[in-house]
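Notes for the one structure printed next.
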Amino acid sequence: MPDRDVDLFVVGAGSGGVRAARIAASYGARVMIAEEYRVGGTCVIRGCVPKKLLVYASRFADEFEDAAGYGWTVGKSTFDWAKLIANKDREIARLEAAYTTALERADVTLVKGRAVLKDEHTVRLLSTGAEIRTGHILIATGAPPSHGHPIMGIEHVISSNEAFHLTALPKRVLIQGGGYIAVEFAGIFAGLGAEVTLVYRGENILRGFDDDVRAHLRSEMERRGIRIICGRTVAAVDPTQDTITAKLSDHSLIEVEKVMFATGRRPNVAKLGLEAAGVQLAKNGGIAVDEFSQSSVRNIHAVGDVTNRVNLTPVAIREGHAFADTVFGGKSTPIDHSNVPTAVFSEPEVGAIGLTEAQARHRLPKVDIYKTLFRPMKATLGGRDTRSFMKLVVDASNDRVVGCHIVGPDAGEMIQLIGVAVKMRATKADFDAIMAVHPTGAEELVTMREKAVSYERLAAE
Ligand SMILES: Cc1cc2nc3c(=O)[nH]c(=O)nc-3n(C[C@H](O)[C@H](O)[C@H](O)COP(=O)(O)OP(=O)(O)OC[C@H]3O[C@@H](n4cnc5c(N)ncnc54)[C@H](O)[C@@H]3O)c2cc1C
């Protein structure tokens, strides 16, 4: 293609797009990237990073309370939401600038504004009307929040995007949703002093996680005063002067100051020109791609949430990197989506990797389960009524640990390291062979001796 302006055009400067652009440029490709909102994408601007900062803020109340048991007298504490948001915004602006600088240093041309595909080799910049001829296109447009079916008053409902910019901390909040974003924001608002009601249409929160984890987290959240209503939905919202009345599907009414929906995210494929370029979608609404993130069109790839595979930042980054290695680095790099560790920054935290107990029973003929429930040491003098939970799922035919599930302090940190062992196909005997680090919570993971239960599938089953 002699008349091309660039070798690669990346649509979307989020986690996947930025990584792909930088790595492709490092291989000598001429790269242009378009961003219609802010460089860094969801994770940096209105996802993982600001969320974790709010989570940190929300945990101080417990710390102040528990300090008394350790001999501290903490004076009257006050909380300033506006200050937290301003400080958070400053940090996000710093990160956005760092991402922009990293692109510049890598010789990637950044264009601010929306880009759409005109055909499989041409991208149009809507702000100027310029048309860029390119050898390859990478679509990394993410997945914005979706409120689901429209209900009466939906315009008064916020998503996580707006939650990061509220001018004041609402005193009473209703959150609809049962996924990780819903439970994380429930913990944030509750920790900062709000009265929180979580409404979820399913039978329990955190669908897809291990059932014991779901039950344990729910009881811990309820112990912290969060009201959880399952099996119902918000049917309508009706704002009055200062409050909003949410009407649930059972006709009950809940009066709050804010209603937030965290009901899922939809792959960002609309009005991108995908049809003009011949790019096909998968059944789940994402762009259909193979293990190299190649779409139905040979020179068009897609990574991250827009492909609706595993919608997490490190996965988008890995997919973007592997794409660049494959297409521009001469290193064919397929993506392995198995055993992705994940954390939920709820209160308490969840960390998980691999098969749940139910999945293991479904897939494997023989399964051993080890589990433990204990009071974290810090809670003893602190006086907090809380329990940590840990579970190992073991393939009993070869002793391999195929799942690990944790609810408790630092679960996210623990699961990152346990992930290495699980990915390396460690056995329960390997877990037993390592010396424990004492006194820690993590030591429980390597000191579980008694099976809680064993399952063996009968030949006929
Ligand atoms: C509240 C929240 C908390 C989260 N917490 C975590 C967490 O703790 N851990 C974790 O791993 N993941 C978390 N995630 C998920 C994570 O943010 C995403 O998986 C990740 O950002 C996906 O990266 P991406 O590159 O696919 O898309 P994004 O980061 O969403 O980037 C897409 C970019 O494309 C831009 N764009 C879209 N269309 C166009 C266009 N036509 N032209 C130009 N630009 C365009 C968008 O403006 C956006 O900047 C969280 C998400 C949310 C919403």
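The values are calculated or read from the model by the stated rules, or taken from the named source; none is laboratory data. Everything numeric in this text was worked out from a predicted model, so none of it was measured. Ideal geometry is used to build each Cβ from the backbone, glycine not excepted, and the neighbour counts take in all protein chains shown. Heads up: the accessible areas ignore ligands, DNA and RNA and are worked out on the full protein's heavy atoms, side chains in. Shrake-Rupley method; radii C 1.70, N 1.55, O 1.52, S 1.80 Å.
Note down the Stokes-Einstein diffusion coefficient of the range 112-240 in µm²/s, whole number, using a Kirkwood radius over alpha carbon pairs, 4 °C, and 1.567 mPa s.
73
What's the ranking of 173-181, 285-293 by average number of surrounding C-beta atoms within 10 Å, highest first? Working shown, then result.
Details: 173-181: 25.0, 285-293: 18.8.
Per-residue mean Cβ counts within 10 Å order the peptides as 173-181, 285-293.
Summing Lys, Arg as +1 and Asp, Glu as -1, what charge do residues with Cβ under 9 Å from the Cβ of residue 220 carry, residue 220 excluded?
Values: positive: 218, 223, 224, 387; negative: 222, 347.
Residues close to residue 220 contribute a combined charge of +2.
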> Which lysines does residue 118 reach when only Cα atoms under 17 Å apart count, and residues fewer than 8 places away in its own chain are ignored?
Replying inline: 271
> Can you pull the Rg over Rh of the range 299-357, Cα-only, Kirkwood?
Replying inline: 1.08
>> So if I take the centroid of the Cα atoms in the range 277-324 and the same for the range 348-378, what is the distance between those two points in Å?
In response: 30
>> Tell me the accessible surface of residue 171 in square angstrom (1.4 angstrom probe, heavy atoms of protein chains only), to the nearest ten.
In response: 140
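With every protein chain left in place, what is the accessible area per residue of the range 279-318 in square angstrom, probe 1.4 Å? Walk me through the intermediate numbers first.
Working: 1860 Å² over 40 residues.
Heavy-atom SASA per residue in the range 279-318 reads 46 Å².
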>> For the chain, take the longest principal axis of its alpha carbons; what is the angle in degrees between that and the long axis of helix 313-328, to the nearest 10 within 0 to 90?
In response: 30
> Rounded to the nearest 500 deg cm²/dmol, what is the calculated helix-only ellipticity per residue at 222 nm for the chain, with -39500 (n - 2.57) per DSSP H run of length n ≥ 4?
Replying inline: -9500 deg cm²/dmol
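Lys and Arg at +1, Asp and Glu at -1: add these up for the other residues within a Cβ distance under 14 Å of residue 244 and post the number. Provide the component values of the computation, followed by the final result.
Details: positive: 171, 172, 247, 258; negative: 155, 162, 195, 238, 242, 255, 257.
It works out to a net charge of -3.
Grab the other residues whose beta carbon is less than 15 angstrom from that of residue 383, score K and R as +1, D and E as -1, and report the net. The partial results should precede the final answer.
Numbers: positive: 223, 224, 375, 378, 384, 387; negative: 62, 63, 65, 66, 385.
Spelling it out: positives minus negatives among the neighbours equals +1.
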> Helix 180-191: angle to the longest alpha-carbon principal axis of the chain, degrees 0 to 90, nearest 10?
Replying inline: 50
> What accessible area per residue, rounded to a whole number of Å², is obtained for the range 64-157 using a probe radius of 1.4 Å?
Replying inline: 58
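Set the bar at 28 Å for Cα to Cα. Now go through 52/366; 112/283; 83/391; 391/423 and name every pair that lies beyond it. Before the final figure, lay out each step's value.
Working: 52/366 39 Å; 112/283 31 Å; 83/391 40 Å; 391/423 17 Å.
Exceeds cut-off: 52/366; 112/283; 83/391.
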>> Counting heavy atoms of the protein chains only and a 1.4 Å probe, report the per residue accessible area for the range 321-461 as a whole number of Å².
In response: 51
> Give or take rounding to whole Å, what are the principal axis extents of the alpha carbon atoms in the range 408-461, in descending order?
Replying inline: 45, 23, 23
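At a 1.4 Å probe radius, carbon and sulfur cover how many percent of the accessible area of the chain? Present the calculation step by step, with values, prior to reporting the outcome.
Working: 11500 of 22090 Å².
Of all accessible area on the chain, carbon and sulfur atoms account for 52 percent.
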> So, in nm, how far is label residue 97 from label residue 275 when the simple model puts each one 7 Å beyond its Cα toward the Cβ?
Replying inline: 4.4
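Highest mean first, what order results for 71-84, 436-449, 257-270, 367-380 on Cβ atoms within 10 Å?
Values: 71-84: 9.9, 436-449: 14.5, 257-270: 20.6, 367-380: 17.0.
By packing density, highest mean first, the sequence is 257-270, 367-380, 436-449, 71-84.
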> Rg (Å, one decimal) plus Dmax (Å, integer) for the alpha carbons of the range 337-461?
Replying inline: 14.7, 53
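Taking Rh as the Kirkwood radius, which is the inverse of the mean 1/r over Cα pairs, what is the Rg/Rh value for the chain?
Working: Rg = 23.9 Å, Rh = 24.1 Å.
Rounded to two decimals, Rg over Rh is 0.99.
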>> Once ligands and nucleic acids are excluded and a 1.4 Å probe is used, how much of residue 345 is accessible, expressed in Å² to the nearest 10?
In response: 50
>> Report for the chain the percent antiparallel among DSSP-assigned beta bridges with both residues inside it, nearest 5.
In response: 60
> What order do you get for 234-243, 53-62, 406-415 when each peptide is scored by the mean count of other beta carbon atoms within 10 Å, highest first?
Replying inline: 406-415, 53-62, 234-243
